[in-house]
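Shown next, in structure tokens, is the structure this report addresses.
The values are calculated or read from the model by the stated rules, or taken from the named source; none is laboratory data. From a predicted model like this one, the values you see are computed outputs, not experimental measurements. Cβ placement follows ideal geometry from the backbone for every residue including glycine, while neighbour counts extend to all protein chains displayed.
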Amino acid sequence: MTEIASKPGTCPAHAPDAPGPAALPAGMTPQLTCYQVDPRAAPIIPGRRERDWMDHTNDHYAYRCLPLSTANTSGWELTSPLDFEVTWNGGQGLDAITARAPGVDPDTLRALIVSHFGHGILTFHTGWLFRTSPGWGLWVRGAPNYAKDGIHPLDGLVETDWLPFPFTMNWRFTRPCSVRFAKGDPFCFITFCPHALLDDVQPRRASLDDAPKLKADYTEWGKSRAAFNQMLRDGDPAAITRKWQRGYFQGKSVDGSAPLFHTNKRRLKPVE
């Protein structure tokens, strides 16, 4: 949930067995301009791949899931410039949320967080006014695959291609409790959305029989996955050493062919 305080590119239609689109030409790359409207604005950094809970999985296996890591890095984080703790007492009024930040001036804390809506909702001010290319909005949310116990980030899609004032980022307590945000914690994550095109998308139902190559690849993938998992269960040394099938991570289809565009590591640019 957010409070509202270049021309879009076209997407080619896909035939059932057509390859996916390549990366957008440079002229179609949407622009993101960040206007700092408060000297205490939150730092903006490219999304970070690492998550504490992913670090603590066996052999860091969570990082083998490329969609997780790609989601983590497919946008920019706004991070807390200070340490603070917030408490919700369960009430619905604006005074039901209290905040503490030892050693921080109260005005500095209020410039970052307020209780604006009540109902256990904590509001963050970013200190930025964002503008994007025509047809492109910003999906505003919490950092992907990042959670805090007792409080949940709310999503919003903002039409930043015309909006002349900032938005806020909001989190909703899930129960009465205290939650700590440390300096550097992401409290907001922004990524592009071609919102002007969404209403024109027509989802269609199809049968795999209409896409013979896709059906053959899907069938072969199923056999390959079942065989590999069986080898793991049987203790096959080669499978154990390999640990998992890397086709998706490497951008390789079942037949070894490569898509026109694939990434296994985002390299987003920092704000200049």
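Below are the figures for this structure:
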quantity	calculated
Segment 146-157 - residue that is in a loop (DSSP other than H, G, I, E, B) and among the aliphatic types (A, V, I, L, M) and, of those, surrounded by the fewest Cβ atoms within 10 Å (Cβ to Cβ)	Ala147
Among residues of segment 198-223, those that are over 20 Å from the mean Cα position of the chain (by Cα) and not in a loop (DSSP other than H, G, I, E, B), counted	15
Flag for Lys243 being exposed (fewer than 15 other Cβ atoms within 10 Å of the Cβ) and at pLDDT 95 or above	no
Residue check, Ala143 modelled with pLDDT of 95 or more and part of a loop (DSSP other than H, G, I, E, B)	yes
Cβ-Cβ under 6 Å pairs, at least 6 apart or on other chains, segment 207-235 side within 14 Å of Val254 (Cα to Cα), far side surrounded by 11 or more Cβ atoms within 10 Å (Cβ to Cβ) and at pLDDT 80 or above	Lys215/Leu208
Subset of segment 111-135 (residues that are surrounded by fewer than 19 Cβ atoms within 10 Å (Cβ to Cβ), not in a helix (DSSP H, G or I) and not β-branched (Val, Ile, Thr))	His116, Phe117, Gly118, His119, Arg131, Pro134, Gly135
Residues located in segment 26-62, provided they are buried (at least 17 other Cβ atoms within 10 Å of the Cβ), over 14 Å from Asp185 (Cβ atoms) and out of contact with any strand residue (DSSP E or B) (no Cβ under 7 Å at 6 or more places or on another chain)	Met54
Among the residues listed as Ser69, Ser80, the single one being within 24 Å of Val179 (Cα to Cα), crowded, with 17+ Cβ neighbours inside 10 Å and in contact with a helix residue (DSSP H, G or I) (Cβ under 8 Å, 6 or more places away or on another chain)	Ser80
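One line per residue, one yes/no per condition, for (1) under 29 Å from His56 (Cα atoms); (2) in the same structural domain as Cys65 (by TED's automatic domain parsing); (3) in contact with a Phe, Trp or Tyr (Cβ under 7 Å, 6 or more places away or on another chain); (4) among the polar types (S, T, N, Q):
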residue: Thr87; (1), (2), (3), (4): yes, yes, no, yes
residue: Thr123; (1), (2), (3), (4): no, yes, yes, yes
residue: Gly127; (1), (2), (3), (4): no, yes, no, no
residue: Ala147; (1), (2), (3), (4): yes, yes, no, no
residue: Trp171; (1), (2), (3), (4): yes, yes, no, no
